[in-house]
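Derivation of every value follows stated rules applied to the coordinates shown; laboratory data play no part. Since the structure is predicted, the reported quantities are computational estimates derived from the model, not experimental observations. For neighbour counting, all protein chains shown are included, and Cβ atoms are generated from backbone atoms with ideal geometry for every residue, glycine included.
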């Protein structure tokens with residue numbers, strides 16, 4: 001069909017147009033309607049669908065993670081129980097506040113039983129506080145033969161409570177009797193009771209607040 005024939009078509013009598021023209025016009029209307037619907041309606045809806053799809057994927061991930069935790073919950077509970085038992089066993093090796101004097105006496109007795117002579121046995125005036133326990137350093141100086149000093153160190157390691165020997169120095173004494181001066185920094189530990197832990201946390205919070213106030 002030529003352009004002149006197309007111009008001669010009567011817009012009021014579309015039903016009389018040739019089939020090819022009617023079909024082309026129908027396709028054109030469909031394209032215009034689809035394009036308008038996309039930009040005015042569907043584009044926002046598709047963006048919203050994509051957002052909701054991302055949320056769905058995120059929720060699926062959370063669900064699978066929680067499902068995994070739920071499946072492994074008995075194993076986690078057993079692991080937590082084992083940790084609590086181990087912690088309790090370690091805690092029992094730390095004396096309480098009322099038991100510190102007995103522990104200091106045990107350390108002293110370990111030296112005496114080996115025939116060692118105490119020249120210095122000086123617990124520190126203040127404890128070093130940690131989160132759940134306190135350390136008490138003790139300066140030691142003993143005199144005896146090498147064998148007895150070794151036995152003393154072994155006895156300290158066998159005490160029911162935890163005691164460590166640090167900064168050890170051995171000094172030969174020229175007396176002809178195989179005498180050695182043993183110097184060390186022994187550290188004993190005790191657990192903090194609940195009231196002490198609460199007090200320590202309050203002190204730490206107060207110190208942080210003061211430091212923050214100075215820095216502002």
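Rounded to the nearest 0.05, what FRET efficiency do residue 203 and residue 108 have when you use their Cβ-Cβ distance and R0 = 45 Å?
That pair, residue 203 with residue 108, gives E of 0.90.
Assuming 0.36 nm per residue, please report the length gained on full extension of the stretch residue 124 to residue 210 beyond their Cα-Cα distance.
Gain on extension, residue 124 to residue 210, equals 28.1 nm.
With a Förster radius of 22 Å, plug the Cβ-Cβ distance of residue 48 and residue 69 into 1/(1 + (r/R0)^6) and report the FRET value to the nearest 0.05.
Computed FRET efficiency for residue 48 and residue 69 comes out at 0.10.
Among 35, 139, which comes first, second and so on when ranked by fewest other beta-carbon atoms within 10 Å?
Ordered from fewest to most neighbouring Cβ atoms within 10 Å, 35, 139 come out as 35, 139.
Students often check this: by mean Cβ neighbours within 10 Å, which of 182-193, 159-170, 105-116, 53-64 ranks highest, and how do the rest follow? Intermediate results must be reported in sequence, preceding the final value.
Details: 182-193: 18.9, 159-170: 13.7, 105-116: 15.8, 53-64: 10.0.
With the highest mean Cβ count within 10 Å placed first, the list reads 182-193, 105-116, 159-170, 53-64.
Compute the length gained on full extension between residue 56 and residue 178: take 0.36 nm times their separation in residues and subtract their Cα-Cα distance, giving the result in nm to one decimal.
Numbers: separation 122, 0.36 × 122 = 43.92 nm, distance 8.10 nm.
So the chain would gain 35.8 nm between residue 56 and residue 178.
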